[in-house]
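What follows is a short report on a single structure.
The values are calculated or read from the model by the stated rules, or taken from the named source; none is laboratory data. Keep in mind it's a predicted model, so treat the numbers as computed, not measured. FYI the Cβ positions are ideal-geometry reconstructions off the backbone, even for glycines, and counts take in every protein chain you see.
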Amino acid sequence: MDYFQVSVEESARISPRASIAGNVRIGKDCTIFDNATIRGDYGSFITLGDKSNLQENCCIHVSDDAPVVIGWGVTIGHGAIIHGCTIGDETLIGMGSIIMDHACIGKHCVIGAGAVVTEGTVIPDGYMAYGVPAKPKRPLTEKEIQDICILAWQDYETIGVDMARQGLMYSGDSLRAHSGIALREPASLDTVNGRVCGSAI
């Protein structure tokens, strides 16, 4: 396994205390905070879409038949564990959540803090889900999608920009000195292992 396959867009912002290794692709304007771990090995890959953020103490990992595909504008809260799953655009994953292999979470979703989304679970677009095991509880309103899902990534993008300007994150020239920059073509968010996100409750 070549652990130096990491591919990062120049505009991303990455804490020097984050750990990223293996087949990992990080998109434009992403923000990776302290002590986050992203490890793309076991013959699979991790894709983090543009403008997504990974907060402190999160872990992203894969299985050999279960890559991680994260859409754009996704917020992953402090201490979450993301394993071999698919997460749609502008979704918020609450603090301390665990998302297991082959789970498929749609766009504009909220996964409550401490939830466990078990293997193979599908959360449709625009739903709130929580609990152990997590289940879709109700659709989100348009206002909730705007106030929770969309404002979250916008706020964390602003925080990341400010931290990079003050030298607390690598970005641009400082990022270029620490990683490869050419971002490869990301995997499709529409289907992973033949499953379509949001197709069933």
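Close contacts from segment 134-155, counting a first residue that is closer than 18 Å to residue 117 by Cα and a second that is exposed (fewer than 13 other Cβ atoms within 10 Å of the Cβ), with Cβ to Cβ under 7 Å and a gap of 6+ residues or different chains, come to 136/201. Of the residues making up segment 8-48, those that are under 24 Å from residue 166 (Cα atoms), polar (S, T, N, Q) and touching a Gly at 6+ places or on another chain (Cβ under 9 Å) number 2. May I ask you to say which residue of 86, 75 is in contact (Cβ under 8 Å) with a residue 60 or more places away in the chain, in contact with a helix residue (DSSP H, G or I) (Cβ under 7 Å, 6 or more places away or on another chain), closer than 20 Å to residue 134 by Cβ and crowded, with 24+ Cβ neighbours inside 10 Å? None of the other options fit; the residue is 75.
The number of residues in segment 93-108 being in contact with a Phe, Trp or Tyr (Cβ under 8 Å, 6 or more places away or on another chain) and either aliphatic (A, V, I, L, M) or free of Cβ contacts under 8 Å to residues at least 40 places away in the same chain (or both) comes to 1. If only residues of segment 90-141 that are of a type in the set (Val, Ile, Thr) and outside any strand (DSSP E or B) are counted, the one that is nearest to residue 55 (Cα to Cα) is 91.
Of all the criteria given as (1) among the aliphatic types (A, V, I, L, M); (2) more than 28 Å from residue 43 (Cα to Cα); (3) in contact with a Leu (Cβ under 9 Å, 6 or more places away or on another chain), the one not satisfied by residue 80 is (2).
Meeting the requirement of 1 or more residues that are closer than 19 Å to residue 158 by Cβ, the strands (runs of 3 or more DSSP E) wholly within segment 6-89 are 24-26, 46-48. Only one entry of 40, 27 meets the criterion of being in contact with an Asp or Glu (Cβ under 8 Å, 6 or more places away or on another chain) and surrounded by 20 or more Cβ atoms within 10 Å (Cβ to Cβ), and that entry is 27. Before we move on, is residue 152 closer than 14 Å to residue 74 by Cα, in a helix (DSSP H, G or I) and hydrophobic (A, V, I, L, M, F, W, C)? Spelling it out, residue 152 is indeed closer than 14 Å to residue 74 by Cα, in a helix (DSSP H, G or I) and hydrophobic (A, V, I, L, M, F, W, C). Put simply, of 66, 12 the only residue that is among the hydrophobic types (A, V, I, L, M, F, W, C) and in contact with a His (Cβ under 8 Å, 6 or more places away or on another chain) is 66.
Of all residues in segment 109-121, those that are at positive phi and of a type outside the set (Asp, Glu) have Cβ atoms under 9 Å from Cβ atoms of residues that are part of a loop (DSSP other than H, G, I, E, B) and crowded, with 24+ Cβ neighbours inside 10 Å, 6 or more apart or on another chain, in 114/97; 120/103. Filtering 66, 18 for residues that are modelled with pLDDT of 95 or more and either under 24 Å from residue 95 (Cβ atoms) or surrounded by fewer than 24 Cβ atoms within 10 Å (Cβ to Cβ) (or both) leaves a single hit, 66. Would segment 51-58 turn up any residue that is free of Cβ contacts under 8 Å to residues at least 24 places away in the same chain and under 14 Å from the mean Cα position of the chain (by Cα)? The answer is yes; a qualifying residue exists.
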